[in-house]
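Just below is one structure, and these are the notes that go with it.
Laboratory data are not the source of any read-out in this text; all were calculated from the coordinates shown. All figures in this text were calculated on a predicted structure; none of them were measured in a lab. Because the Cβ atoms are built from the backbone with ideal geometry, glycine has one as well, and the counts that use them run over all protein chains shown.
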Amino acid sequence: MPLLALRSVSKSFPGVRALEDVSLDLHGGEVHMLLGENGAGKSSLIKVLYGAYRADAGTILHEGHLVDIKRPADARRMGIAVIFQEFSLVPFLDLAHNIFLGREPRHRVTRLIDHARMHREARAALDSLGLDYDTRALPVHLGIARQQMVEIAKALSQNARILVMDEPTAALSDREADALFAVIRRLRADGVAILYISHRMKEVLELGDRVTVLRDGRRVATMLRGEASANELIAMMVGRAAGAAGAVYQRRHFGEPGATALEVRGLCTASGVNGVDLVVRAGEIVGLSGLVGAGRTEVARAVFGADPITAGEVKLFGAPVHGGPDRVASRGVALIPENRKQEGLALKRSTQDNLLAASLWKQFPRGWYRARPARRHARALIERLRVTPGEPRRLASVLSGGNQQKVVIGKWLVAGCRLFMFDEPTRGIDIGAKGEIFALIEDLVKRGAAVLLISSELSEIVHVCDRAYVMRTGRIVGELARHDLSEENLLRLAMHET
Amino acid sequence: MNAPARSVTYRTRPLPAIVPIGLFVVVGAVLAGHGFASERNIANLGLQASILLMLAMPMTLIIMSEGLDLSAGAVLSLCSVVMAMMLAGGHGLVAALAASLGVGLAFGLANGGLVSLLGLPPFVVTLGTLGIAQGAALVLTEGNAVSGLGPGISALYADHIAGIPLPVIIALATWLVTHVLLYHTRFGAYVFAIGGNRDALVLAGVRASAWHIAIYAYGGLVSGVAALLLTGRMNAAHPTVAIGMEFDAIAAVVLGGTSFERGDGRLLGTVLGVATITVLRNALDLLGIESSLQVVSIGVLILVVIMIDSARRTWRVHPA
């Protein structure tokens with residue numbers, strides 16, 4: 001009998017089906033790998049297991065008994081522990097407190113925290129992973145990898161019978177990862193059921209006893225070890241239909257690229273970029289693909305001068321750059337960030353104000369704002385970008401995601417930018433608007449701009465880009481020319497260990 | 001990974017700048033003379049510091065939880081007024097204290113509930129309750145002082161145990177209780193967690209919102225006790241007497257190195273902050289410098305300490 005079984009679980013949010021009819025068995029003594037692209041439903045599944053979400057339909061069986069996991073405390077009682085990807089450590093509480101958060105050992109009579117016992121047991125939890133960190137250390141003074149190891153120690157110390165790990169090795173070095181794998185094998189031998197989410201094919205094949213692939217919130221298949229090769233698993237994640245029918249946009253026109261707009265050589269940053277080389281020329285759309293956390297956003301930020309560069313060189317239009325975002329922007333570079341609501345728009349201002357925000361000095365060189373030309377100019381832009389509703393006075397906050405994105409693009413367009421870096425430009429945008437955004441982007445390159453497109457949607461890269469780079473753990477691991485661009489090739493490069 | 005974890009622990013992390021600067025202020029006050037070091041003035045200092053210390057203790061917890069309590073002074077005034085009216089009406093000291101505690105607790109629960117359950121910003125919530133408490137005190141007293149309280153409460157204020165004034169003992173007891181709460185109970189651990197990573201606490205299966213309310217409720221209760229000292233000191237209650245005291249309390253917390261972000265704080269720092277502010281005000285009093293200039297000097301002190309602490313934080317080498 002499985003320790004924990006999900007039966008036909010579904011969960012929707014307005015406009016999104018996160019999980020649909022998913023069934024999953026977690027057996028004691030078994031490592032169950034969960035595979036899927038971004039947005040396939042892995043995180044939602046964990047949240048249902050842990051009581052952070054409640055399923056709309058379906059049942060959960062714990063050791064054969066029907067259970068209702070309403071909140072995290074219920075999951076804890078059933079022996080479910082989760083190692084989260086987002087860190088759940090308290091920065092100014094010492095490690096012992098963090099490991100025992102919510103279940104601090106207390107003195108029998110005084111009910112005060114039994115510090116001696118807590119530190120002793122925390123020591124044992126850290127030792128079991130071979131960690132020599134001081135139990136009185138504060139997480140705020142530990143690096144990411146060490147915080148991740150503490151996170152693991154925290155989950156292990158709960159003596160969980162069912163352990164869920166969400167990409168536990170994403171922040172770890174090989175040595176730390178090996179220590180973790182040794183622990184996982186030990187736990188498996190002890191009869192613990194482990195649900196393990198990973199994007200690293202090597203881990204999936206070496207560690208997994210059973211593999212489940214999710215796609216678009218549905219379970220594609222569950223297989224035992226050895227029943228599917230890496231390439232077969234990747235094909236299942238991508239889905240056979242995705243190639244043709246899944247395309248949101250088909251590029252119409254491919255031109256000859258012009259002069260080099262952006263040239264990056266040996267770029268390294270403190271944020272994890274490790275020796276990146278890339279070139280973007282005028283008139284081409286270059287994709288930057290890879291899994292979340294591979295360092296794509298960090299490359300764009302470093303190019304834009306938003307993060308300091310520790311080594312390497314960035315050349316814009318043939319000349320090296322120095323200085324921060326203001327200097328880079330003044331050379332005609334635009335960064336359209338992922339979270340456009342926070343970084344790209346003034347939500348409480350009108351469409352017109354947002355469109356003109358980056359080009360006011362250009363429009364009104366004497367510093368004197370005149371309403372009528374501004375309105376005329378805004379209307380022309382709205383028409384060109386096809387923003388709807390086309391009312392310049394409409395607040396940016398009431399526009400749909402797609403139209404907000406058009407406004408952000410338009411803002412940089414009139415500022416005279418020649419290199420555009422898009423970070424996940426279609427996140428949270430409905431399918432119709434996605435096509436319009438890509439039409440705008442294609443229009444940009446047709447007029448001679450250069451575009452670097454960061455996207456986690458493989459089909460976008462395949463159907464929009466002239467060529468693409470693939471990143472993994474801060475490095476470029478491959479470049480795919482137009483005729484090699486396919487979802488399988490992208491995913492293979494992004495997931496395979498070298 | 002196997003390199004020795006030379007990590008900074010809670011005990012070994014750098015002292016806040018208040019330590020040397022507080023020492024500098026005290027030494028300066030002693031050297032400036034004007035009877036600062038006299039026995040009578042020292043006893044006076046203890047009395048002056050006691051109410052501020054009581055307000056600053058829960059204020060530390062509130063600020064550590066990424067909160068703020070602007071209503072502390074007004075609630076203290078209201079507690080004092082209610083206590084005095086009970087005494088003037090012929091009720092006993094115990095009943096009067098109970099009423100004061102009740103008022104304090106009610107405001108604490110209201111502050112905490114609005115912040116924790118409705119997610120309103122603490123600044124706005126406590127600005128609102130400040131107005132309510134202040135208004136209630138004025139309405140109850142029609143703007144006048146309440147006197148004729150009988151000898152009981154002023155006798156209590158003047159009492160000594162083992163040569164130490166009772167108000168000082170009550171204030172030190174508040175420190176002790178807060179210390180035990182913060183460093184030796186689950187409640188204390190959750191104060192760090194609510195300020196530092198509230199989601200982590202929720203995911204640990206803890207009812208974070210209840211503990212969040214408890215932080216403000218504790219503040220209200222301590223105000224209720226502090227009203228005993230405030231009323232006893234003057235043997236009367238005035239509806240606006242403690243207005244502005246939250247300024248000194250917040251200043252003491254900030255001087256002590258507690259941050260408004262991420263649950264970074266320490267109780268001992270606040271105690272040193274209280275001592276520094278009290279000594280500074282007292283010394284300036286003795287030198288005949290008027291009260292408004294004292295506020296300026298506290299403001300300058302805060303900015304200097306904050307600048308030093310923040311500069312040291314920026315310069316510190318990044319973690320491994």
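Computed over chain B with a Gaussian network model linking Cα atoms closer than 10 Å, the most mobile of B:I298, B:I306, B:I42 is B:I42.
The aspartates and glutamates within cross-link reach of A:K70, meaning a Cα-to-Cα straight distance under 15 Å and a gap of 8 or more places when in the same chain, are A:D56. Here's the picture: a label point sits 7 Å out from the Cα of B:H179 along the beta-carbon direction, and within segment B:251-269 the residues with their amide nitrogen under 14 Å of it are B:266-269.
Computed from backbone phi with θ = phi - 60° and the Karplus coefficients 6.51, -1.76 and 1.60, the 3J(HN,Hα) list for segment B:212-223 is 4, 4, 4, 4, 5, 4, 4, x, x, 4, 5, 4 Hz; x is used for glycine and proline.
Between A:S397 and A:R379, the modelled labels are 2.8 nm apart [label points 7 Å from Cα along Cα→Cβ].
With r defined as the distance between the Cβ atoms of A:C268 and B:S154 and R0 fixed at 45 Å, what FRET efficiency is calculated, to the nearest 0.05? Don't jump to the answer; show the numbers that get you there.
Numbers: r = 71 Å, r/R0 = 1.59.
After rounding to 0.05, the efficiency reads 0.05.
On full extension of the chain, what length is gained from A:D56 through A:E313, given 0.36 nm per residue of separation minus the C-alpha to C-alpha distance?
Value of the extension gain: 87.3 nm.
Annotation for B:R262 and A:R386: the two label points, set 7 Å from Cα along the Cα-Cβ direction, are 4.6 nm apart.
Helix A:371-385 axis versus longest C-alpha principal axis of chain A: approximately 60°, rounded to the nearest ten.
With contacts taken as Cα pairs under 8 Å at a separation of at least 6 residues, segment B:41-243 carries a relative contact order of 43 percent. With each label modelled as a point 7 angstrom along the Cα→C-beta vector, the A:N339-A:D174 pair spans 3.5 nm. Scanning residues 5 or more positions from A:L288 or on other chains, those with amide H under 5 Å from its amide H are A:L453, A:I454, A:S455, A:Y469, with H placed 1.01 Å from N in the peptide plane. Taking θ as phi - 60° and the Karplus parameters 6.51, -1.76 and 1.60, the scalar couplings of segment A:119-126 work out to 5, 5, 6, 5, 4, 5, 5, 5 Hz in sequence order, x denoting glycine and proline.
Mean projection of the alpha-carbon convex hull of segment A:4-244 over all orientations, in nm²? Provide the component values of the computation, followed by the final result.
Working: hull surface 58.1 nm².
For segment A:4-244, averaging the hull's shadow over all directions gives 14.5 nm².
To make sure I understand the rule: partners must be lysines, Cα under 23 Å from the Cα of A:K406, and not fewer than 8 residues away in the same chain. Which ones qualify? Straight-distance partners of A:K406: A:K341, A:K348, A:K362, A:K434, A:K446. The phi torsions of segment A:323-335, fed into the Karplus equation with coefficients 6.51, -1.76 and 1.60 and a -60° offset, translate into couplings of x, x, x, 5, 5, 5, 4, 5, 8, x, 10, 10, 10 Hz, rounded to whole numbers, with Gly and Pro shown as x. For segment A:1-142, the Cβ-based charge dipole about the Cα centre amounts to some 600 debye (Lys, Arg positive; Asp, Glu negative; other atoms uncharged). Note on A:F13/A:Q250: beta-carbon distance plugged into 1/(1 + (r/R0)^6) with R0 of 35 Å gives a FRET efficiency of 0.75. Residues of segment A:74-115 falling in the label zone of A:M1, defined by backbone nitrogen less than 18 Å from a point 7 Å along Cα to beta-carbon, are A:78-80. Taking other Cβ atoms within 10 Å as a rough exposure proxy, A:W361, A:W412 sort from fewest to most as A:W361, A:W412. Sorted ascending by nearby beta carbons within 10 Å, beginning with the fewest, B:V206, A:V279, A:V109 become A:V109, A:V279, B:V206. Taking other Cβ atoms within 10 Å as a rough exposure proxy, A:F438, B:F260 sort from fewest to most as B:F260, A:F438. For chain A, DSSP calls about 55 percent of its internal beta bridges antiparallel. Among B:P151, B:P122, B:P239, the largest mean-square fluctuation in a Gaussian network model of chain B (Cα springs under 10 Å) belongs to B:P151.
Along each principal axis, taking the top coordinate minus the bottom one, the Cα set of the protein assembly as shown gives 95, 77, 48 Å in descending order. Amide H contacts of A:R106 (H built 1.01 Å from N, in plane; Pro and chain starts excluded): A:D114 sit under 5 Å, all sequence-distant by 5 or more or on other chains. Can you tell which of A:V164, A:Q250, A:L381 lies farthest toward the positive end of the dipole of chain A, using +1 and -1 charges on the Cβ of basic and acidic side chains (Lys, Arg; Asp, Glu)? Of A:V164, A:Q250, A:L381, it is A:L381. FRET efficiency for the pair A:D127 and B:L303, taken as 1/(1 + (r/R0)^6) with r the Cβ-Cβ distance and R0 = 51 Å, rounds to 0.65.
Expressed in Å, the radius of gyration and Dmax of the Cα atoms of segment B:41-243 are 17.2, 54.
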